[in-house]
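Here's the structure we're looking at; comments come further down.
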Amino acid sequence: KESDSIGNLKGGTSKNAHSFDAEKEFSSSVCFGGTNFQDIRKKVEMEKKQDIPKNLANIAYLWKEIKSLDTKRIKKSRTIQVDGRGSGYGSSIPVLCSNN
């Protein structure tokens, strides 16, 4: 029922313009559970700015570093060959991998 009260939840109460406290200070929308998320965002932005090369020598160094990672994309075939005996198409049929 609406009038039931359980723990800190109080039933049968309602807010209206007369009960509104205009002098009460609003809570910060960037703080939650004691953590200031605005500070965390600023810290991450500063770390990203530090990673940006400032001159041509740093750009060259960054490029060599990226190239040294040597993480090439793994090439996969889009089709596979399946046994097609008795289908009328021959001994093997190309089929899309996503349909197999």
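What to note about this one:
- Ordering PHE32, VAL82, ASN58 by Cα displacement along the dipole of the range 22-100 toward the positive end leaves VAL82 in first place; charges were set at the Cβ atoms of Lys, Arg (+1) and Asp, Glu (-1).
- Among (i) 10, 13, 14, 12, 14, 14, 18, 5, 1; (ii) 15, 51, 29, 5; (iii) 15, 30, 19, 16, 11, 6, 2, 1, 0, the entry derived from the coordinates for P(r) over Cα pairs in 10 Å bins from 0, in percent: (i)
- Less than 5 angstrom separates the built amide H of GLY84 from those of SER92, ILE93, all sequence-distant by 5 or more or on a different chain.
- In a simple Cβ point-charge model (Lys, Arg +1; Asp, Glu -1; nothing else charged), the chain has a dipole of about 780 debye relative to its Cα centre.
- Seen from a random direction on average, the alpha-carbon convex hull of the range 56-100 projects onto 5.0 square nanometres.
- Rounded to whole Hz, the Karplus (6.51, -1.76, 1.60) HN-Hα couplings of the range 63-72, x for glycine and proline: 5, 4, 5, 5, 5, 6, 5, 6, 9, 7
- Heavy-atom accessible area per residue - the chain, 1.4 Å, Å²: 103
- When the surface is traced with a 1.4 Å probe over the full set of protein chains, CYS31 keeps roughly 60 Å² accessible.
The values are calculated or read from the model by the stated rules, or taken from the named source; none is laboratory data. On a predicted model such as this, the values are computed, not experimentally measured, just so you know. Note that each Cβ is placed from the backbone with ideal geometry, even for glycine, and that neighbours are counted across all protein chains shown. What goes into the accessible areas is simple: the full protein's heavy atoms, side chains included, and nothing from ligands, DNA or RNA. Shrake-Rupley method; radii C 1.70, N 1.55, O 1.52, S 1.80 Å.
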